[in-house]
Amino acid sequence: MAELPGGLLDAVKDYLQMSWILSAKEIATITGYINRGMSYLNEKAGVPDGESLDFTLEEAHRTLLLDYCLYARSHALDEFQDNYLPELIALQNREEVKRYIAEQEETDV
């Protein structure tokens, strides 16, 4: 099992209001939600393979990850994209602008 970014498991656990001590199976399940959510959001954001958004930062993509995990736990992932489409498009646009700026700075050097 891949190690999660620092504090992310606890953040998701808190967001899902899981205040009890988790069993190994519950930890594996939540970790799976997190890993699949990070992969999903990286793909939607157009992040190149081998790279990742920083989900330890309190930014919009972290909020989307928390909500992704909530939907996953509720077995409602089929509704996630429909309900968060504006936020997903904004994430794509933000990341595309960051890449464009980085490319422009590289060519200016």
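The values are calculated or read from the model by the stated rules, or taken from the named source; none is laboratory data. Owing to the predicted nature of the structure, the values given are computational and were not obtained by experimental measurement. Because the Cβ atoms are built from the backbone with ideal geometry, glycine has one as well, and the counts that use them run over all protein chains shown.
Numerical summary
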item	result
Residue list for region 1-31, filter: of a type in the set (Gly, Ala, Ser), touching a helix residue (DSSP H, G or I) at 6+ places or on another chain (Cβ under 9 Å) and surrounded by 10 or more Cβ atoms within 10 Å (Cβ to Cβ)	Ala11
Candidates Leu65, Leu53 - the one that is closer than 22 Å to Glu3 by Cα and part of a loop (DSSP other than H, G, I, E, B)	Leu53
Test for Glu58: is it without any contact (Cβ under 8 Å) to a residue 24 or more places away in the chain, in a helix (DSSP H, G or I) and on the phi < 0 side of the Ramachandran plot	no
Any hit, region 74-88, residues being of a type in the set (Phe, Trp, Tyr) and modelled with pLDDT of 95 or more	yes
Residues of region 55-92 satisfying the condition of being within 14 Å of Ile34 (Cβ to Cβ) and acidic (Asp, Glu)	Asp67
